[in-house]
Amino acid sequence: AVYKNTELWTLLAADLADPGNALPDQTKAGLISLAGFAIRHGRAVTQGDAKTDPLIDINLSIMRGLRGEGGA
């Protein structure tokens, strides 16, 4: 699951960095930063140096935001 999560965030970061991505620059920058954290933290999890809780929290927050739920 951590590998797939890293794969997803890597794809998202690549899409966000594409010059054709129409999201506002501030939104793209924030999401790219979040992707970097998720990728680094995922690596730490697979090495046994961290827990998955932050990754789960990030993904749940993103899903809530995409659904338009408050508090994302």
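Figures for the structure shown
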| read-out | value |
| --- | --- |
| Structure-based [θ]222 nm, the chain - -39500 (n - 2.57) summed over DSSP H runs of at least 4, per residue, nearest 500 | -25000 deg cm²/dmol |
| For the chain, alpha-carbon Rg over 2.2 N^0.38 Å | 1.14 |
| Relative contact order [Cα under 8 Å, 6+ residues apart], the chain, whole percent | 28 |
| The chain - percent of accessible surface contributed by carbon and sulfur, probe 1.4 Å | 59 |
| Per residue value of the accessible surface for the chain (all protein chains in place, 1.4 Å probe), Å² | 69 |
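The values are calculated or read from the model by the stated rules, or taken from the named source; none is laboratory data. Owing to the predicted nature of the structure, the values given are computational and were not obtained by experimental measurement. Quick note on the areas: whole protein, heavy atoms, side chains included, nothing else; ligands and nucleic acids left out. Shrake-Rupley method; radii C 1.70, N 1.55, O 1.52, S 1.80 Å.
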